[in-house]
Structures are given as structure tokens and as C-alpha cells.
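The values are calculated or read from the model by the stated rules, or taken from the named source; none is laboratory data. Predicted model, so just to flag it, every value in this text is computed and none were measured. Using ideal geometry, Cβ is built from the backbone for each residue, glycine included, and neighbour counts are taken over all protein chains shown. With ligands, DNA and RNA removed, areas are computed over all heavy atoms of the protein, side chains included. Shrake-Rupley method; radii C 1.70, N 1.55, O 1.52, S 1.80 Å.
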Amino acid sequence: MPAAAVDVEAILAWYGQRRRDLPWRRTRDPYRILVSEVMLQQTQVARVVPYYQAFLALFPDEAALAAAPVADVLRAWSGLGYNRRALTLQTAARVVVRDGWPRDVDGLRLLPGVGPYTAAAVASFAFDLQVAAVDTNVRRVIARLDRRERTPAELQRRAAALLPPARAADWNQAVMELGATVCGSRTPVCDACPAIGCRSRGRPALAASGRARGAGGAPARIRFEDSDRFVRGRIVAALAAGEPLPDGFEPVRLERALAGLERDGLVVREGASVRLP
Ligand code: SF4
């Protein structure tokens, strides 16, 4: 089946009218865009917004973040989860302060914690480069538009072919917004969608869910409260607040979480005492 004839202008017009007013959409500053992209890597938009604003109030540019004590950075990040992202982001800021901003995707990918999607996002949003940023939402939308799953390389080529001249930044945002608000993983709202010509319109959707599935086809879920990540987050939050280690966890679980945090450079242990770096 040939690829769908996508009405790019209709999708851009819809984005212009319906886009959510998110703080990182009001800037072209690569630092502020990178902070938002790293925060959004594993955290939902609504949760990120207040952290993003508070973080930038403390560390308004890459120089401020690079020079900040690690404990302050972790305090600002605490509660957002995946605290290791904060350390990696600070390392990236230090590289930028030392070497300047890379001005292309390949250079951006050399920054710590910056993968293909994040590099393309910063390149298009901050530097206006004509590159396609393909995240989970974009992958799902394009798969549905063409009613076809592709390999990552094929998908990147298809996403690049869709880019309207000189409008990569708006287009990337528009397709992400479409995936986040209309063409959702489980409930695509085709009646409200501007993607005329979509080959999946009104039909059972492709790529409904990427979750692993357990026995019997049921989604395999582990309660967040039972995960090591939960214990790690509680430890960092307690230390960031100047409180003792949280109680209520089995000693073996607490020790496993502490060992992981220490290995990742998120806590320092000296004898029986534990502190942020
Ligand atoms: S028409 Fe439906 S399936 Fe196609 S992109 Fe829009 S919401 Fe998704």
C-alpha cells in the first residue's frame, strides 16, 4: 500500500489553533528546550510544567546549572523521578559551557543523555534545522497515517519526507501534539482529527499499545510502590528535604536502593551516614 497523501497544511493549521500553551514552546533557547526534553523523557507534561518553571528559576542557563552544587540540582529535581537524568543534564550543561552549543544533530548527540529524538528536537526547535524528531507519539501517528509499521530507519525517512520546507519545528510539534491529544494510544478521536487522508481513520488502530503483556494477554504491571524506583525516589526526596532515611521499607530493599543510588552517583555514603553529593 502506498503511503498516505498527508495534508500537511491542514495539520499545521490545526496545530496553530489548538496547540497547548506550554512554557517550552515559548522559547528558542537550546538550554531551556533541552531541560524540557530531558524532563519529558519519562514524565507526563502536566507533572513536568511546575518542575520546569522552578528548575529554570534556580538554574536559568547552562552556566548556572553547570556551576551548581549537585545536591541543589537533585533537590530541584526530587519528585520528578529518574533522578539520574538531573546529573546527566548537569554534565551536558558543563560540556556546553566548555565547548559551546553543537549546531547540528550529530554534535548534539554527543552531549550526555541526548539520543536521536532529543537531538532532533533541540536542533529543530532551537536552531530551526530541517530534521524530523520522532518520538513515541510521532511513530504512532505516522504508522496510523500510512497504516504501516516500519523499521526505525524507514520511519525516520518517512518522517523526514513529510517535513514541510522551513517549518520543521512547527511540524514536529504539530505531529507530537496530534499524538498526545487526538491520536492517542488507546483512543484515537478520528472525528476531531485534521489528518485528512489517514488510512486508519475510523478503523481499528495500529500501535494501540507498546506495553509488554503478561500471561493471558493481560498487561504485565508492577505496582510503582513495589518498585526499586519508588524506594530510590523516597530516599532522594528525604535527603533533599533534610530528613532521615524513610522508614517502613525492609532493610534489604532499602540497602538495594541505596547501593543503586550510590552506584549512580546520586548519594554519598560515609559509614552509616548518607547524604546527597
Ligand atoms: S484519523 Fe484517527 S487514526 Fe488517523 S491520525 Fe487522526 S486520530 Fe489518528
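One residue is enough: does the stretch 69-81 have a residue meeting the conditions surrounded by 14 or more Cβ atoms within 10 Å (Cβ to Cβ), touching a residue at least 12 places away in the same chain (Cβ under 8 Å) and more than 21 Å from Leu261 (Cα to Cα)?
no
Test Thr151 against the criterion of being more than 17 Å from the chain's Cα centre (by Cα), polar (S, T, N, Q) and at pLDDT below 95, and give yes or no.
Answer is yes for this residue.
Which of the residues that make up the stretch 242-274 are open to solvent by 30 Å² or more (accessible area, probe 1.4 Å), assigned to a loop (DSSP other than H, G, I, E, B) and without any contact (Cβ under 8 Å) to a residue 24 or more places away in the chain?
Result: Gly242, Glu243, Pro244, Asp247, Gly248, Phe249, Glu250, Gly271, Ala272.
Report the residue count in the stretch 140-161 for those that are within 28 Å of Trp101 (Cβ to Cβ) and surrounded by 22 or more Cβ atoms within 10 Å (Cβ to Cβ).
Residues that pass the stated criteria total 1.
Are there helices (runs of 4 or more DSSP H) fully within the stretch 3-93 with at least 2 residues that are over 27 Å from Ala192 (Cα atoms)? List them.
Helices (runs of 4 or more DSSP H) meeting the threshold: 30-40, 45-58, 62-67, 70-77.
Quick check on Ala166: is it more than 19 Å from the chain's Cα centre (by Cα) and under 16 Å from Ala10 (Cα atoms)?
Spelling it out, it is not the case that Ala166 is more than 19 Å from the chain's Cα centre (by Cα) and under 16 Å from Ala10 (Cα atoms).
Does Val114 count as surrounded by fewer than 22 Cβ atoms within 10 Å (Cβ to Cβ) and more than 16 Å from the ligand (Cβ to nearest atom)?
Criteria not met by Val114.
What are the pairs, 6+ residues apart or on separate chains, where a residue within the stretch 35-50 that is of a type in the set (D, E, K, R) has its Cβ under 6 Å from a residue that is surrounded by 14 or more Cβ atoms within 10 Å (Cβ to Cβ)?
Correct list of pairs: Glu37/Thr118; Glu37/Ala121.
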